[in-house]
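Trainee: Here it is, the structure in full.
The values are calculated or read from the model by the stated rules, or taken from the named source; none is laboratory data. In this text the structure is predicted, and so the values were computed from the model without any measurement. Heads up, the Cβs are rebuilt from the backbone with ideal geometry, glycines too, and the neighbour counts pull from every protein chain shown. All accessible areas refer to the heavy atoms of the entire protein, side chains included, with ligands and DNA or RNA removed. Shrake-Rupley method; radii C 1.70, N 1.55, O 1.52, S 1.80 Å.
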Amino acid sequence: MKKGDGSIFLFVVQKHRATTLHYDFRIQIGDVLKSWVVPRGPSLDPTRKRLAVETQDHPLSYIHFEGQIPEGSYGAGEVIVWDRGQCLYPSDPVNQYGEGKIKFLLKGEKLKGEFFLFRTERQAGPKSKWLLMKKYDSHISYEDITQSKPSSVISLRKLED
Ligand code: MN
């Protein structure tokens, strides 16, 4: 898979214990992080479809955020950087986003290889439902990486610590 335009894009997956435990899946499109809540977390198993509910865009600087969102703030609770790295697109990600099918290749520490996000509703934007899936390639795995690799990739902490 080739890059869209030669740019290097980034992604981050943050594990977040707010009202409920979930994973915030964020890929850079343009100069923002397009964001989805993935309740069960990403999978390297190509037979698994993970519900991904789009949320507000986040600034690129959020890639580094790990710590406590204070009580009284939206999303209050603990966040760890569960994975991060480069994200490559085979074609313009802005167009792909608009068309509701985003193909991308991740070079993270845990998530590697080709994935796609597929919108299951007509309208994009916050609260729209998508599916996150792994494509078949040499990086597939049938183990549950949310269970086998729970720690932060920057502090090695687990969310419980
Ligand atoms: Mn969250």
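Trainee: Rg and Dmax of the chain, using alpha carbons, in Å: what are they?
Mentor: Cα-based Rg and Dmax for the chain come out at 14.7, 44 Å.
Trainee: While we're here: With every protein chain kept in the model, how would you rank 94, 38 by accessible area, 1.4 Å probe, largest at the top?
Mentor: These residues rank, largest area first, as 94, 38.
Trainee: Sticking with this one: Report the Cα centroid-to-centroid distance between region 1-77 and region 89-104 in angstrom, as an integer.
Mentor: For region 1-77 versus region 89-104, the Cα centre distance is 17 Å.
Trainee: Answer with one residue from 36, 104, 67: the one whose Cα lies farthest towards the positive end of the charge dipole of region 1-122, charges on Cβ with Lys, Arg +1 and Asp, Glu -1.
Mentor: Value: 104.
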